[in-house]
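In what follows, a structure is listed as structure tokens, so that the remarks can point back to it.
The values are calculated or read from the model by the stated rules, or taken from the named source; none is laboratory data. Predicted model only: the values in this text are computed from it and were never measured. Note: ideal-geometry Cβ built from the backbone for every residue, glycine included; neighbour counts use all protein chains shown.
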Amino acid sequence: MVAKVLFFISILFFTVSAFGQTYKFEVHPNGRVASVVTDDVIYDLLASANNRVIQELKDEIYKRFNDDFNFVIVALNHGGLNLGGKSVGGVYFGKNYVNKDTVRAVIFSNGKNSINGVVYHEIMHAWANHHIYTEKVIGEGENITSVQDYSHWGMTGGSSTGWLGGFIQSSLVDYGNNSYRVKLNDFKGSYNDLELYLMGLIPVGEVAPFDVFTQITSYRRASIKYSYFTAMERTTYTPAKLDSIFGLPVPSPDTLPKKFKSLILILSQSPLTDEDWAVADEKAKWFEFQGDNGNPFYDTFWEITNGKAKMDAGDLFKSMPFHSFKVTTNGFDKVHLEWFAEPGFDHQKFIVYRVTENEQRWWPITEINTRDAPNTGGIYETYDLNPESGTNIYKVKQIDITGKVKWSNKETVAVFKDDFKIYPVPARNTLTIEWKEGLVIDNVKIHNIMGEMVYSQATIDDISTRLEINTSNFSQGVYLISLFGKQGGTKTEKVFISP
């Protein structure tokens, strides 16, 4: 094993493939935001909230990142998010969907410029969905029928307009005969009291009573702020009623501010430009900023929770203690393995395993104790000098000082150890070289016993598996034939030529 000390590269990148598709991940050097680049087809499927592809992307994310994020936020680099053929600002996938230990939700946002308001709306879905029965109206008019709207507040009062809708409770005017006027406010500001309570940030006693209206039979929006409606059902929620429904624990000063962690991932069809990276990193910076950022048009997560919660979007590298495992081969007889393990994570040892396509069992081929190479800078490498001919599959097992195990991704390479023929021997007028399909020979050279090159054939196409060489003009004797693989390996054999 050879350990290397390297200065950390400015942008860490790695590529993975699933279901035949390629996902290239990059992490910005500031560690606040990452990107994933895929092709147009997969981008469009993700932008249309295709369940299978979202699951695939989620699985690939967790091959490279630890399960220590509460929210995974995927923002489209160039927009285009739609659901059921309709353009939407964001899409929420809850805990039951993502099936991970720590994450509460995977959120898709229509663009990297929406890493605030749209995301704050979708974050609230993680707490507020399906708790209070609400209804909404579709359009204005008389003699209408409202429909249930479990995932939004509908016609629900609050200390302010909620991030899932609703009206300002103090603006409610009761005209009698089930007729009302309320004030709507499109400027969200902070989460309202109900939302802060559901997040566990304030005790239930700090939630002022509010009303929920259902069975709405008429609705008219008179201005940007005011709406008039008729509702047959009015339910008042008091702190006691909320406590009987939810029974959330009373937060103590010792548990505040609550800490959440997010992975912000920019989805793109092409590598991010410097400008794209700058925008995404700036948005992530303000997303996690703790305090008043001085911008009335861009609230931080800290601000909309009234300083009772903070969102950590920073240092993604610490969420990637074991990753970037890659395998390369010279094509003939040697395989190079390299991976990155975040320094300071108390790695005890790594064990490299290999299996071939015809085997059922993974075999350990080498073990690396980190004590033997203390100054690696996080980069580890080793070689398999005796790979099997054919397909070789590798993975690395990491064991920390507590005995906790983490596995790398699997990587596959093809080795053509003895998969070529040179005949006839001795050769007379023609020498034929054949090699196995899949092995790409970039160059063939022949030298005589004095070291003089007597033949060279370069730029052999990638699909050829056979080369015939006219040796009628060669002098009788021993020659060295060298095959140069396109991946950099060399194989040399002796052959006797007799014209």
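Figures for the structure shown
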| item | result |
| --- | --- |
| Selection status of residue 221, in contact with an Asp or Glu (Cβ under 7 Å, 6 or more places away or on another chain), at pLDDT 95 or above and either among the acidic types (Asp, Glu) or in the same structural domain as residue 165 (by TED's automatic domain parsing) (or both) | no |
| Of all residues making up segment 227-258, the number that are touching a strand residue (DSSP E or B) at 6+ places or on another chain (Cβ under 6 Å) and either closer than 17 Å to residue 131 by Cα or in a strand (DSSP E or B) (or both) | 12 |
| Within segment 457-499, tally of residues that are at pLDDT below 80, among the charged types (D, E, K, R) and closer than 22 Å to residue 333 by Cβ | 3 |
| All positions within segment 58-93 that are in a helix (DSSP H, G or I) and without any contact (Cβ under 8 Å) to a residue 40 or more places away in the chain | 62 |
| The one condition in (1) more than 30 Å from residue 342 (Cα to Cα); (2) at pLDDT 85 or above; (3) assigned to a loop (DSSP other than H, G, I, E, B) that residue 438 fails to fulfil | (2) |
| Flag for residue 481 being surrounded by 17 or more Cβ atoms within 10 Å (Cβ to Cβ) and over 27 Å from residue 359 (Cα atoms) | yes |
| Top-ranked residue in segment 121-134 [being crowded, with 20+ Cβ neighbours inside 10 Å and free of Cβ contacts under 8 Å to residues at least 40 places away in the same chain; ranked as nearest to residue 210 (Cα to Cα)] | 125 |
| Within segment 135-179, considering residues that are acidic (Asp, Glu) and within 27 Å of residue 304 (Cβ to Cβ), the one surrounded by the most Cβ atoms within 10 Å (Cβ to Cβ) | 135 |
| Scan of segment 16-47 for residues that are modelled with pLDDT of 85 or more and either surrounded by fewer than 16 Cβ atoms within 10 Å (Cβ to Cβ) or part of a loop (DSSP other than H, G, I, E, B) (or both), ordered by number | 28, 30, 31, 32, 33, 38, 39, 40, 41, 44 |
| Of all residues in segment 265-317 being out of contact with any Ser or Thr (no Cβ under 9 Å at 6 or more places or on another chain), closer than 23 Å to residue 42 by Cβ and outside any loop (DSSP other than H, G, I, E, B), the one that is modelled with the highest pLDDT | 279 |
| Spans of strands (runs of 3 or more DSSP E) in segment 342-398 with at least 3 residues modelled with pLDDT under 90 and under 26 Å from the mean Cα position of the chain (by Cα) | 379-384 |
| Close pairs from segment 313-335: first closer than 20 Å to residue 383 by Cβ and surrounded by 17 or more Cβ atoms within 10 Å (Cβ to Cβ), partner of a type in the set (Lys, Arg) and modelled with pLDDT of 80 or more, Cβ under 8 Å, at least 6 apart | 322/406; 325/395 |
